[in-house]
Amino acid sequence: PVVKLLVTSVSRSYSEPWRRRQQRESSGTGFLIRWCDPAPATNDDGADDDAEKNSSNKRGNEIRIVTNAHVVRNSSTVRARASFGPHVVSCEVEWLSLPLDLALLKIADGDWDDFCKGWNLGELLPRM
């Protein structure tokens, strides 16, 4: 599934770091993947932390967005919207490589049931 990214960015001034430049709005695209962490985090009791989360948060934590790095470079906020829906979720840049021009976004807090309405994510998303 393809998502539209709504990005607010501010370029840095290294010669005048005290001066803030004007914000710029831009957009781009990305696609959803299912992200599988190699080792689940455990708390002090040895219990799996994911077991304490509800199913919608668990789904949201394993979904990532792949996009180009130039889309989210110098971003202050990144929001994602399904290509056919009105629901928007906030994202944070988890990994960025300028030489490869790739970025991996983690979906922050959002309503997954509304965002992914009409999608069967189990069939649509590739595993990484």
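Before moving on, here are some points about what is shown:
- Sole exception among (1) open to solvent by 100 Å² or more (accessible area, probe 1.4 Å); (2) modelled with pLDDT under 85 for Asp49, by number: (1)
- Scanning segment 93-109 for residues that are farther than 17 Å from Phe31 by Cβ and modelled with pLDDT under 90 yields Ala108, Asp109.
- A single member of Gly60, Gly30 is under 12 Å from the mean Cα position of the chain (by Cα) and modelled with pLDDT of 80 or more, and it is Gly30.
- The residues of segment 89-105 that are in contact with a helix residue (DSSP H, G or I) (Cβ under 8 Å, 6 or more places away or on another chain) and either free of Cβ contacts under 8 Å to residues at least 24 places away in the same chain or surrounded by 15 or more Cβ atoms within 10 Å (Cβ to Cβ) (or both), listed by number, are Val89, Val93, Leu96, Ala103, Leu105.
- Ser55, sole failed condition from (1) at pLDDT 80 or above; (2) open to solvent by 70 Å² or more (accessible area, probe 1.4 Å): (1)
The values are calculated or read from the model by the stated rules, or taken from the named source; none is laboratory data. Small disclaimer: the values here were computed from a predicted structure and weren't measured. Note: ideal-geometry Cβ built from the backbone for every residue, glycine included; neighbour counts use all protein chains shown. For accessibility, only protein heavy atoms count, side chains too; no ligands or nucleic acids. Shrake-Rupley method; radii C 1.70, N 1.55, O 1.52, S 1.80 Å.
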